[in-house]
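For reference, the structure is listed below as structure tokens.
Just so it is clear, none of the values below were taken in a lab; they were calculated from the coordinates. All figures in this text were calculated on a predicted structure; none of them were measured in a lab. For neighbour counting, all protein chains shown are included, and Cβ atoms are generated from backbone atoms with ideal geometry for every residue, glycine included.
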Amino acid sequence: MPSDEELAAAVARGDVDAFAALYDRFAARVYAWSAHLVGPSDAEDVVQEVFLRLWAKARQFDPSRGRFVVWFMAIARHHLIGVAKKRSTERRLAAAAEIEELLSRIVDQRADTEGEAIDRVRGDAVVRALADIPAEQRRVLVLAYFGGLSQSAIARLLSEPLGTVKKRTRLGLQKLRTALASIQGEGG
Amino acid sequence: MKDVDPHDLDAYARELATLPDALASRSPHRLPPELRDRVIAAARARGAARPRFPRVWALASAAAVVLLGASLAWGLSLNRALADERTLLAQLAGSAAGQETVFEVVGAANATKVFLRAPVGGSGAPYGQVFTRPDSSQVVAMAGRLPAAPGGQSYHLWLTENGVTSLAGTITPNESGFGYFVFDAGHRGPAYASARLILQPNGSIAPSGTPIASFQ
């Protein structure tokens, strides 16, 4: 099976089959995120625009600078947050909070079942990593990343001092990195 | 452990890029299957249009230069050279017309599309789309997941506009169950009140039977 990076190189040469393969690998992620943040009706347009940007910009992807998923999700996030910012701040806050609540529920559910069932499906390494992050740190990460919220906005939302939010963000990011590295190390 | 600017999520882009996978794996929002064809068709439209048009116009320009130079060199009139250039351009456009029309309609920013759905839905149900443009009479119709048509039959697309129903064309699906055709509506910006895709004997002159997919 070709890697994401190999497929991206093929897309840069105009290979539609490679483009379709990358769509199959990543479209669900972009759609789910978009559906939560801007609603299912606009999510289809977001997915289409993000993948058309991939189609147009694939030549700009340089595998020596990092993995495809990082490059692609940055494109997706940039476009999606841009769309979301056209909505009211309250709506974006509510949507980001909904994502945070869903991920928290996932982590809690995993804890309840000791991960046995959940560990079988995709995304579990990340869920395991999230489970290793204290809830208050996880919350600021999710609000900032998925909702594109500034730390000031998060501080207002959570009624916490800005310094506290900054500290939680820093610690949360560091723990996410450590947890993912640890899990990847387990996987070989 | 290196301390970073807490504002800088970019420094942790590698780790953060994994989060959407966790969300997608548990989110109740599921990717609509029909979106795949739409996105790929749009990419084809953009991808095909970019290299082809410059190539066509480059060829046309080169031909014009050659014709003009030849006309001067051989003492032909400028009018004759321009006439030849127009003829050459028409021939070039004609040779690429089949595919380009599809992309010009489907990929247009102002394209309007209607979806044809099966009476009984489901992930494997046939479906179709009809694309129109307000500034064009060209219409693109396509359908997917069509069962193979029995011998002597094909899928007939009946469109109704201003109370008049007419046969737009027929689709014989390929081995993947996909087929499309382009037709001229006769006027710009057609707007259809209904569309029905029906499996009928070849040569049918009126809609008959249950549509395999329709739009009302």
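For the reader, a short list of remarks on this structure follows.
- Amide H contacts under 5 Å for B:S194, placed H, 5+ residues apart: B:T160
- The longest part of chain A holding none of the exposed loop GluC sites (Glu not before Pro), meaning those outside H, G, I, E and B in DSSP with at most 13 other Cβ atoms within 10 Å, is A:1-113.
- Label-to-label distance for A:A94 and B:N110 is 3.6 nm, based on points extended 7 Å past Cα in the beta-carbon direction.
- Sites B:I205 and B:R30 - FRET efficiency at Förster radius 35 Å, r taken between beta-carbons, to 0.05: 0.25
- On the basis of the beta-carbon distance and an R0 of 51 Å, B:A148 and A:T178 show a calculated FRET efficiency of 0.35.
- Virtual paramagnetic centre 7 Å along Cα→Cβ of B:S166, amide N under 18 Å, in the range B:110-141: B:130-141
- From helices alone, chain A scores -26000 deg cm²/dmol at 222 nm; the rule is -39500 (n - 2.57) for each run of n ≥ 4 DSSP H residues, then divide by the residue total.
- Too-long pairs where the Cα-Cα distance tops 29 Å, listed order kept, from A:K86/A:K175; A:K57/A:K167; A:K57/A:K86; A:K85/A:K166: A:K86/A:K175; A:K57/A:K167
- Prolate/oblate/rounded label for chain A (Cα gyration tensor, a/c 1.5): oblate
- Per residue of peptide A:166-172, the mean number of Cβ atoms on other chains within 10 Å of the residue Cβ is 3.
- Each residue, A:R65 and A:K167, gets one label point 7 Å from its Cα in the Cβ direction; the gap between the two is 3.6 nm.
- Neighbouring Cβ atoms from other chains, within 10 Å of the Cβ of residues in A:14-24, number 3 on average.
- Cβ crowding within 10 Å averaged over residues, with B:178-190, B:34-46 ranked highest first: B:34-46, B:178-190
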